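Okay, structure first, notes after.
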Amino acid sequence: MALSRSGSNLLKPISPFFSCAPSILSRSISSSNDSITVETSIPFTAHNCEPPSRSVTTSAAELRSFFRDMALMRRMEIAADSLYKAKLIRGFCHLYDGQEAVAVGMEAAITRKDCIITAYRDHCTFLSRGGNLVEVFAELMGRRAGMSNGKGGSMHFYRKEGGFYGGHGIVGAQVPLGCGLAFAQKYSKDENVTFAMYGDGAANQGQLFEALNIAALWDLPAILVCENNHYGMGTAEWRAAKSPAYYKRGDYVPGLKVDGMDAFAVKQACKFAKEHALKNGPIILEMDTYRYHGHSMSDPGSTYRTRDEISGVRQERDPIERIRKLLLSHEISTETELKDIEKEVRKEVDNAISKAKESEMPDPSELFTNVYVKGFGVEAYGADRKELRATLP
Amino acid sequence: MATLFQGVGAVTPFSASSSLDSNKLLLPSRKSLSISDSRGSIFVYRSDALNLKAATRLQLSPGHQKRSPSEDLLLHQSRGSFGAFGLYLHCLRIAYPWHELLLFEALREGLEEEMERDPRVCVMGEDVGHYGGSYKVTKGLAEKYGDLRVLDTPIAENSFTGMGIGAAMTGLRPIVEGMNMGFLLLAFNQISNNCGMLHYTSGGQFTIPIVIRGPGGVGRQLGAEHSQRLESYFQSIPGIQMVACSTPYNAKGLMKAAIRSENPVILFEHVLLYNLKERIPDEEYVLSLEEAEMVRPGEHITILTYSRMRYHVMQAAKTLVNKGYDPEVIDIRSLKPFDLYTIGCSVKKTHRVLIVEECMRTGGIGASLTAAITENFHDYLDAPIVCLSSQDVPTPYAGTLEEWTVVQPAQIVSAVEQLCQ
């Protein structure tokens, strides 16, 4: 089922107790598009630019959709965790739970014509770009129904129609690709931007600075987003970077530090960045976020950080809890409604998993498809070169 | 030998239906050429343009220019093998104009024609724009097409190759120039992981129609780091195609084919071949990326070569012919995938193979070619395949030592003699 951006069609029927007063405190349907002003958790810190305001306008519908989308992402990642432990997903599996606000907030600020490219922690970003759950689970399990026909795996999710360019395994290599996407956007003169996402570990890669230099020189509409979850696999950021202020690393390129656990801060920052990039060239956004799982499924995540730290962040800064509190305080939904949404989401994920399990493994002939684009008569064959034996006259 | 000619526009593509013995066609063509058409002189046209030179030699046109030494060699060795294609053309009595240029100009012509034809084609590289290219391949293009289509990049191969690949994912057709092939080692990650594999890992969603080109090979005392041959490193990357050009004619044709291809193509040029002069047709032509070129048909032994070694082989062939041998020389051109059909037909005829390459001995193109031929055509071989490659040493600066790292014509002659006894 496609991830919905406005959850209004999934609402439970409104209780007859509530009046239709236009006040934002009532829960009538007419107020679902009234604007609500929310303050971000902390003000933005800016480098070489004016930070945007802390007040973000939103609506009840958007709040509900944020909640549902993030709950879906969280549920999907946890389900992927259990599938991995059941050995249905093999290899590398990097989970995004804890960081959902970045994906959801970014998507709310941009259009599908803007491009996003990220590294290997791409399950939720793929979903936000229009992917569906069956494709996700089928690809993770290596089945044919996956979006890359089962040939990519966890680190190679792509969605061309959604403007999602992956899905890359080598740390930092996606940033030059992202600047290339921005270059193509500038070349075709469409007013779109590219969000090239990377982590605090990749922030120390040389190719990032090379690409940033070229992007700034050529005025490309590239937005470099550093998802700083403070740990590059097992190495804390203060052990890997002399200057962990990643938003300042652009030097002449402006930067903005954002609370990545607050979906509205992310939304505001991305909107600001898009306007900036279209006018003035590249900008760096640092999303201060956190991942609950380890770096990947083979990393327990507790050898380099304490369990207290993880549970502390979960209590204080969890993105879904923040939205839940907002929904409850603005009385847009009740506790039971939210629980129902979570149950619904859980069922959706379970259905998607069982559907994905039904899909079969790719056919052996698929091994050799898509190596080259057909057109110049090139076929790839395997180690058994019988098919390549030339027929002589 | 099948010559598949993929032309655009006025030229009709067709291929030879069967390989006729070249000797038999020599006389009739000569006779036809002496008959002057009312429209002017008659040329025979083939994909390797050899006969073009043979034709111009026979015709006494005022436009006949002084031949370059390389042309001289080729002419000398050519036995005017026209093939069925030539015969067909001769029957049609096609007359067509030509112009003479150097290899880097041919590359530029191909590039310019493609940029004219498709607005999505752009060039990125160091000093390609305002400077005109370190080997003048992109001279004049920046003035014509502007800074957005001919882009001067900073010295950051890893990132600008990555940017080229990212742009190609959206549908642009960038041409990334490495000032020297050796510098592309810095971009190896991008070329291997992103360029080669994205079409596969995305399940076919993205195509990467990028061309990566640059000069490589051993030059004139350029030192070890600037004399590298990267064919061997790139050859096992799945998903890319590699071609090596050796004459102005095939340089232009391969450049155009590479730009039009939907697959990522690496075009290997050679530093010492940029000033080769040749006559090429005026009309537009595109060569096939997977086809090898028959330089000189023969009976006794098949010599497979590419890039600069083609000229060393032809020089050795001169000596060999005097000694009574009849080598068949094939310029393989397509380094990945190999044109095993042409090679196989040749092996079936001659039963002996000598590979002459500039790549390193260990893990080079010759090594893969030896394996491929042995696996596929073992039954047709009368002798083991001999592979002459460069020595496994960093290229020294001293001139005499540098000469001995690459294969010299004398070594080719003695290898042939040994194989043919």
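The values are calculated or read from the model by the stated rules, or taken from the named source; none is laboratory data. This structure is a prediction, so every number in the text was calculated from the model and none was measured. Please note: Cβ atoms are built from the backbone with ideal geometry, for glycine as well, and neighbour counts cover all protein chains shown. What goes into the accessible areas is simple: the full protein's heavy atoms, side chains included, and nothing from ligands, DNA or RNA. Shrake-Rupley method; radii C 1.70, N 1.55, O 1.52, S 1.80 Å.
Sub-8 Å Cβ pairs linking a first residue in the range B:405-417 that is within 14 Å of B:Leu320 (Cα to Cα) to a second residue that is among the β-branched types (Val, Ile, Thr) and surrounded by fewer than 22 Cβ atoms within 10 Å (Cβ to Cβ), at least 6 apart or interchain, are B:Pro409/B:Thr319; B:Val413/B:Thr319; B:Ala415/B:Val386, ordered by first then second residue. Of all residues in the range A:205-249, count the ones that are open to solvent by 40 Å² or more (accessible area, probe 1.4 Å), at negative phi and either of a type in the set (Val, Ile, Thr) or away from chain B (no Cβ under 14 Å) (or both). Result for the range A:205-249: 9. Go over the candidates A:Ala103, A:Ala71 one by one and state the one that is crowded, with 24+ Cβ neighbours inside 10 Å and either under 22 Å from A:Ser354 (Cα atoms) or free of Cβ contacts under 8 Å to residues at least 60 places away in the same chain (or both). It is A:Ala103.
Consider B:Leu254 carefully, then state whether it is of a type outside the set (Gly, Ala, Ser) and either more than 14 Å from chain A (Cβ to nearest Cβ) or touching a helix residue (DSSP H, G or I) at 6+ places or on another chain (Cβ under 7 Å) (or both). Considered against the rule, which asks whether it is of a type outside the set (Gly, Ala, Ser) and either more than 14 Å from chain A (Cβ to nearest Cβ) or touching a helix residue (DSSP H, G or I) at 6+ places or on another chain (Cβ under 7 Å) (or both), B:Leu254 comes out as no.
Of the residues making up the range B:361-404, those that are farther than 22 Å from B:Ser236 by Cβ and hydroxyl-bearing (Ser, Thr, Tyr) are B:Tyr380, B:Thr395, B:Tyr397, B:Thr400.
Would you be able to say whether some residue in the range A:287-297 is over 17 Å from A:Cys49 (Cα atoms) and open to solvent by 60 Å² or more (accessible area, probe 1.4 Å)? Looking for residues that are over 17 Å from A:Cys49 (Cα atoms) and open to solvent by 60 Å² or more (accessible area, probe 1.4 Å), one finds none in the range A:287-297, hence no. Take the residues in the range B:312-343 that are buried (at least 20 other Cβ atoms within 10 Å of the Cβ), out of contact with any Asp or Glu (no Cβ under 6 Å at 6 or more places or on another chain) and within 13 Å of chain A (Cβ to nearest Cβ); name whichever of them is modelled with the highest pLDDT. Among residues in the range B:312-343 that are buried (at least 20 other Cβ atoms within 10 Å of the Cβ), out of contact with any Asp or Glu (no Cβ under 6 Å at 6 or more places or on another chain) and within 13 Å of chain A (Cβ to nearest Cβ), the one modelled with the highest pLDDT is B:Ile343.
Just name the residue that is modelled with the highest pLDDT out of those in the range A:370-391 that are part of a helix (DSSP H, G or I) and surrounded by fewer than 16 Cβ atoms within 10 Å (Cβ to Cβ). Ranking the qualifying residues of the range A:370-391, first place goes to A:Glu387. Given the criteria of a type outside the set (D, E, K, R), under 18 Å from A:Ser41 (Cβ atoms), open to solvent by 60 Å² or more (accessible area, probe 1.4 Å) and assigned by the TED database to the domain that holds A:Leu224, does A:Gln315 qualify? Against the criterion (of a type outside the set (D, E, K, R), under 18 Å from A:Ser41 (Cβ atoms), open to solvent by 60 Å² or more (accessible area, probe 1.4 Å) and assigned by the TED database to the domain that holds A:Leu224), A:Gln315 qualifies.
The condition of being farther than 18 Å from B:Ile240 by Cα, facing chain A (nearest Cβ under 10 Å) and not hydrophobic (A, V, I, L, M, F, W, C) holds for only one of B:Thr153, B:Thr161, that being B:Thr153. The single condition from (1) more than 8 Å from chain A (Cβ to nearest Cβ); (2) surrounded by 24 or more Cβ atoms within 10 Å (Cβ to Cβ); (3) not aromatic (Phe, Trp, Tyr) that B:Leu186 fails is (2).
B:Thr302: out of contact with any Phe, Trp or Tyr (no Cβ under 6 Å at 6 or more places or on another chain), within 14 Å of chain A (Cβ to nearest Cβ) and at pLDDT 95 or above, yes or no? Yes, satisfied.
Scanning the range A:117-175 for residues that are more than 10 Å from chain B (Cβ to nearest Cβ), at positive phi and either out of contact with any strand residue (DSSP E or B) (no Cβ under 8 Å at 6 or more places or on another chain) or not in a loop (DSSP other than H, G, I, E, B) (or both) turns up just one, A:Gly142. Is the range B:227-239 home to any residue that is facing chain A (nearest Cβ under 9 Å) and buried (at least 19 other Cβ atoms within 10 Å of the Cβ)? Yes, the range B:227-239 contains at least one residue that is facing chain A (nearest Cβ under 9 Å) and buried (at least 19 other Cβ atoms within 10 Å of the Cβ).
Against the definition (out of contact with any Cys (no Cβ under 6 Å at 6 or more places or on another chain), within 14 Å of another protein chain (Cβ to nearest Cβ) and modelled with pLDDT of 95 or more), how does A:Gly180 come out, yes or no? Yes; evaluated as a whole, the condition is true for this residue. Within the bounds of the range B:302-323, is there any residue that is over 24 Å from B:Gly216 (Cβ atoms), of a type in the set (Gly, Ala, Ser), part of a loop (DSSP other than H, G, I, E, B) and outside the structural domain of B:Ser246 (by TED's automatic domain parsing)? No, because not a single residue in the range B:302-323 is over 24 Å from B:Gly216 (Cβ atoms), of a type in the set (Gly, Ala, Ser), part of a loop (DSSP other than H, G, I, E, B) and outside the structural domain of B:Ser246 (by TED's automatic domain parsing). Name every residue in the range B:189-226 that is more than 11 Å from chain A (Cβ to nearest Cβ) and in a loop (DSSP other than H, G, I, E, B), in order of residue number. Within the range B:189-226, B:Gly217, B:Val218, B:Gly219, B:Arg220, B:Gln221, B:Leu222, B:Gly223, B:Ala224, B:Glu225, B:His226 qualify.
Residues of the range B:122-153 that are outside any loop (DSSP other than H, G, I, E, B) and open to solvent by less than 30 Å² (accessible area, probe 1.4 Å): B:Cys122, B:Val123, B:Met124, B:Gly125, B:Leu141, B:Ala142, B:Val150, B:Leu151. For the structure I just gave you, tell me whether A:Ala196 is within 7 Å of another protein chain (Cβ to nearest Cβ) and open to solvent by less than 10 Å² (accessible area, probe 1.4 Å). No. Of all residues in the range A:354-369, exactly one satisfies the criterion of being surrounded by 13 or more Cβ atoms within 10 Å (Cβ to Cβ), within 12 Å of A:Gly146 (Cα to Cα) and either without any contact (Cβ under 8 Å) to a residue 60 or more places away in the chain or of a type in the set (A, V, I, L, M, F, W, C) (or both), namely A:Ala356. Between B:Met181, B:Met169, the distinction of being open to solvent by less than 10 Å² (accessible area, probe 1.4 Å), touching a residue at least 12 places away in the same chain (Cβ under 8 Å) and more than 9 Å from chain A (Cβ to nearest Cβ) belongs to B:Met181 only.
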